[in-house]
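In what follows, a structure is listed as structure tokens, so that the remarks can point back to it.
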Amino acid sequence: MAASNGKISPHSPSPRSMPQGKVLSRIESPADLKECTSRELSQLAADVRAALISSVTETGGHLGASLGTVELTIALHYVFNSPLDKLVWDVGHQAYTHKLLTGRKEAFGTLRQEGGISGFLSRDESEHDTFGAGHASTSISAALGMCVAEQDKPKGEPRGHVVAVIGDGALTGGMAYEGLNNAGHMKYPLIVVLNDNEMSIAPNVGAMSKYLDRLRTDPMYNRAKDELADFVEKLPKGERFVDFGKRVKDSMKEFIYHSALFEELGFTYIGPVNGHHIPDLVSALRHAAECNEPVFVHVLTQKGKGYDPASADIERSHAVSAPSLPKSKSSTSAAPKYQDVFAKTVIELANGDERIYAITAAMPSGTSLGKFKAKHPDRFFDVGIAEQHAVTFAAGLATAGLRPVVGIYSTFLQRAYDQIIHDVCIQRLPVIFALDRAGFAGDDGRTHHGVFDLSYLRCLPNMTIMAPSDENELRQMIRTAVDYTEGPVAIRYPRGAGRDVDTSGHPEPLPIGKSEVLREGSDVALLAVGSMVEYARHAAQELANEGISATVVNARFVKPLDEELILRLADETGAIVTIEENSATGGFGSGVLELLSEHGKLVPTRVLGVPDRFFEQASQTRLREVAGLGVNSIVAAARQVTETRARSTVEAGHNVPASVSG
Ligand SMILES: Cc1ncc(C[n+]2csc(CCOP(=O)(O)OP(=O)(O)O)c2C)c(N)n1
């Protein structure tokens, strides 16, 4: 079932056909681009755009981001020789054209589907994908490492150029500056291409964004741009590409506009360049390739270019959903999304509590905290793609008695681990972490599944961790967190819709560390966390049909555990199954095992959690099944522990075997 690269099944979706156009149909690899005339390259851009729109509106995916980089990608593959030359795409969500030009045209219709190609870049997928990503701001560091490796190759071996392509949004991430700082000083010939479309997912934020804006609108740049366009127009047609490198080399120097900031950092700055004009891009990239020192090429692009709905709502079209994606099993279409219930509740509580502040790291729509901004603009902060800063900034707010709520995807909080420990937990600062997309993230795949948070947070002293089983419980947990001032609290909830339960009335706080017993039984205790509670309920019903009587517990708290209840159930049922949509290593089930061992109650126990491997994209429901978290797996585990208990009782009476985990 599991392949080592994380593909979840041998299931191969049949690719949808897409229009390829005259030129795109001839391109099997980047080498084919070199044969193209200038006119053919612009036809190729049109073909690629039509293919992207046709295909991605069907499969879903990052359409807006990729439509903005069509010409840039063509120019990069025209000038450089991948895979000898290394192209490193930041995040990778804007690299669909790169996929089409590097042998993945036929598979493109399987994008982001189970068994299909990834929505990001992956070293497993193509030799042209030099570095996998999904999280932002890594490209400069990775590319610098590759650049050093290229330069240190033994004499006589061909050396490739290395180009990092980073968006203006990703440039707000601290790691990008760490990379620039190091690269400018090391003087290796790294080329950094800034794909500046003025957008992160939402409009970009921060002082750097303002600086780029000044470069973009400076009249000097506009004059240089016009002069360059004139120059290109005056070239005889056939020469526009053939002799372009030679002819443009000197004149390019005149068109270089200076950027004090990037030059002070040790880079030669080229730009701003019109990112939708292939001749300008080709000349700028050729010049960059000849510099033999760190070069920063500033390219201006338009997100969603060529797709009307995208231009009308650039933020929404950053990614489009597939019309036909299967819905999560536990959700109903009428139910509100967890993220919306979260934002609504924080707004409601903030209406009457001026201490509540909301922070997002570039995800105002993904977390729904943009709604908080509309209500309480003075208490809302989008800090950019800067998770580490978001956490320590929140810690600073908390020192003054404020109640910061950091709305963040589980997967992105991974970036800020030391900040959680060093800045928040050690100082017991009451920061509230709202972890969205906890559990499987679905079609975004292995870089985005939020299946580690219970493990990485549970081991931290002073941390309280909750997980709601429905959207009303999420409201109660937010209220509980706001009332609790003894230390940090994390609430983790899944992607998608809730269960359509009643969410009227003021949310009441929950007793800290207390679970909820949903069903009483005598043969086995099913201890479930968050999204798994419904699954456990269904499993209990099936077990009842087989004559096995199960207790079902909604854990609510992963830390502190409801020790009294768990120990009592160990005595009463003598068989336990824990279920969580988190790594089986170090999460809730591990906590239960630790508790049982501490008290010498080693009753047969199965820990159901995400196995120790990475999972590619599929629907959330399917991923849960493949990970062994479906109803059938719970039923099987319950049977196993009850049989083990029965056997050991018969064999030895009192000699109960040690816990087993799986
Ligand atoms: C560490 C991290 N935080 C948040 C995200 C979510 N995210 C994906 S793309 C994106 C915006 C990137 O903007 P930019 O780099 O300018 O690329 P564009 O989409 O505009 O092409 C964000 C915030 C992420 N991928 N990684």
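Numbers at a glance
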| item | result |
| --- | --- |
| Net charge of neighbours whose Cβ lies under 13 Å from the Cβ of residue 441, counting Lys and Arg as +1 and Asp and Glu as -1 | +1 |
| Low-density loop cleavage sites - GluC sites (Glu not before Pro) in segment 70-177, where at most 16 other Cβ are within 10 Å (DSSP) | 106, 127 |
| Inter-centroid distance (Cα atoms) of segment 494-545 relative to segment 405-444, Å | 24 |
| Contour minus Cα-Cα distance for residue 646 and residue 340 (0.36 nm per residue) | 105.5 nm |
| Cβ-derived FRET efficiency at R0 30 Å, residue 181 paired with residue 155, nearest 0.05 | 0.50 |
| ³J(HN,Hα), Karplus 6.51/-1.76/1.60, whole Hz, each residue of segment 559-573, x for Gly, Pro | 8, x, 6, 7, 4, 4, 5, 4, 5, 5, 5, 4, 5, 6, 9 |
| Amide H contacts of residue 356 (H built 1.01 Å from N, under 5 Å, at least 5 apart or other chain) | 403 |
| Gain upon complete extension [residue 500, residue 517; 0.36 nm per residue less C-alpha separation] | 4.1 nm |
| Using θ = phi - 60° and Karplus 6.51 cos²θ - 1.76 cosθ + 1.60, couplings along segment 480-492 (whole Hz; Gly, Pro as x) | 4, 5, 5, 6, 8, 10, 7, x, x, 10, 10, 10, 10 |
| Taking 123, 104, 495 and counting other C-beta atoms within 10 Å, the order from fewest to most | 123, 104, 495 |
| Label-zone membership for segment 449-486, site residue 594, 7 angstrom Cα→C-beta point, backbone N under 15 Å | 453-466 |
| Calculated from backbone phi, Karplus (6.51, -1.76, 1.60) coupling profile of segment 385-398 in Hz, x at Gly/Pro | 7, 9, 5, 4, 4, 4, 5, 6, 4, 5, 4, x, 4, 5 |
| Cut-off under 5 Å, modelled amide H: who pairs with residue 582 long-range | 610 |
| Segment residue 35-residue 312, extension gain: residue separation times 0.36 nm, minus the distance between their alpha carbons | 96.1 nm |
| Computed over the chain, Kirkwood Rh from alpha-carbon pairs, angstrom | 26.6 |
| Estimated FRET transfer efficiency (residue 399, residue 210; beta-carbon r; R0 41 Å; 0.05) | 0.90 |
| Ordering of 528-536, 285-293, 389-397 by packing [mean C-beta count within 10 Å, highest first] | 528-536, 389-397, 285-293 |
| Residues whose placed amide H lies under 5 Å from that of residue 86, excluding near-sequence neighbours | 161, 162, 163 |
| Order of 459, 147, 425 under a 10 Å beta carbon neighbour criterion, fewest first | 459, 425, 147 |
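Every read-out reported here was derived from the displayed coordinates using simple, explicitly stated rules and does not represent laboratory data. What you see is a predicted model; the values in this text were computed from it and never measured. Virtual Cβ from ideal backbone geometry, glycine too; neighbours counted across all protein chains shown.
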